[in-house]
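As structure tokens, the structure follows; a few thoughts come after it.
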Amino acid sequence: MGFDVKITTRISILDLIAPHSCRGCGALGNIMCERCKKYNSKSILKMCARCKKPISSCCCKTPVYSAFYREGLMKDLVEEYKYHSIRAAASALAELLNLAIPEDFPSESDSYDVSIIPLPTIPKHIRERGFDHMLLIAKELSLIRKWKVEQALVRNKNTVQVGADEKTRKLQAASAYQISEKWLLHPQSTYLLLDDVWTTGASMEAAISVLKKAGATNIASAVILTPR
Ligand SMILES: [Zn+2]
Ligand SMILES: [Zn+2]
């Protein structure tokens, strides 16, 4: 495996693999101590993933949960994981993502049968990294919450966002996904879409639309990072 072992951030590979020290301050115990959790997750975002309004004042009821801004330690963690293929960070990131999702999710009005759906990654990136980074996080989260993982979405071809301007990105994002042929909808289930980074929200919006068209009614989403 060709790791680039040059450490450019405060996180070392050992840090990522050692399960019980705080990524923020190094304190022994958890991957993030209570103090660092509070410090890093000042704003837990809960808005509508479709209309971007506060969830209390929208009628599409498709919340997106996120606990962290795309900066500092959290940004480093996600980038090390994706771009340096540090697979071992998946469980740490799943724990952090778990912080964003309310403990009582799904609420009484929803179905308790939850399926996690990772947003599918471009196959080329999966080949380059040697693993499917969101699928791995989804599997780790499923162990924490005892929810199942379903690969309900597949990527359409020609949907590469790199280098495109915002308008093009949005158009590409809108047609990025389709329902996997192997997938079966359970209308009573709650579907939780997962992604690592929320930029414009166009990818998540597209994924939600595809699921809605397929007949899903209880849909929520969670991302690790959002821009400030
Ligand atoms: Zn700490
Ligand atoms: Zn809405």
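Bear in mind these aren't lab numbers, they're just calculated from the coordinates by the rules spelled out. Computed from a prediction, not measured in an experiment: that's the story for all the values here. Positions of Cβ are generated from backbone atoms using ideal geometry, with glycine treated the same way; all protein chains shown enter the neighbour counts.
Would you mind checking which residues have amide H under 5 Å from PHE68's amide H? H placed 1.01 Å from N; only 5 or more apart, or other chain.
Residues meeting the amide H criterion: THR226.
Quick check: from the Cα gyration tensor, does region 78-228 come out rounded (a/c under 1.5), prolate or oblate?
Oblate, since a/c reaches 1.5 and b/c is not below a/b.
Which loop GluC sites (Glu not before Pro) in region 33-137, with loop taken from DSSP, have no more than 13 other Cβ atoms within 10 angstrom of their Cβ?
GLU71, GLU103, GLU108
I need the chymotrypsin sites (Phe, Trp or Tyr not before Pro) found in region 71-123, filtered to DSSP loop residues with at most 13 other beta carbons within 10 Å of theirs.
Passing both the DSSP loop test and the Cβ count: TYR112.
Determine which aspartates and glutamates satisfy two conditions relative to LYS148: a Cα distance under 20 Å, and not lying fewer than 8 residues away in the same chain.
GLU95, GLU103, ASP104, GLU108, ASP110, ASP113, ASP132, GLU140, GLU181, ASP195, ASP196
Where does each of ILE122, ILE86 land when they are ranked from fewest to most other beta-carbon atoms within 10 angstrom?
Ranked by crowding around the Cβ, least crowded first: ILE122, ILE86.
Give me the extension gain from LEU171 to LYS38: residue separation times 0.36 nm, minus the current Cα-Cα distance, reported in nm with one decimal.
44.2 nm
Using a cut-off of 20 Å between alpha-carbon atoms, which lysines can reach LYS61, once sequence neighbours fewer than 8 places away in the same chain are excluded?
LYS46, LYS52, LYS53, LYS212, LYS213
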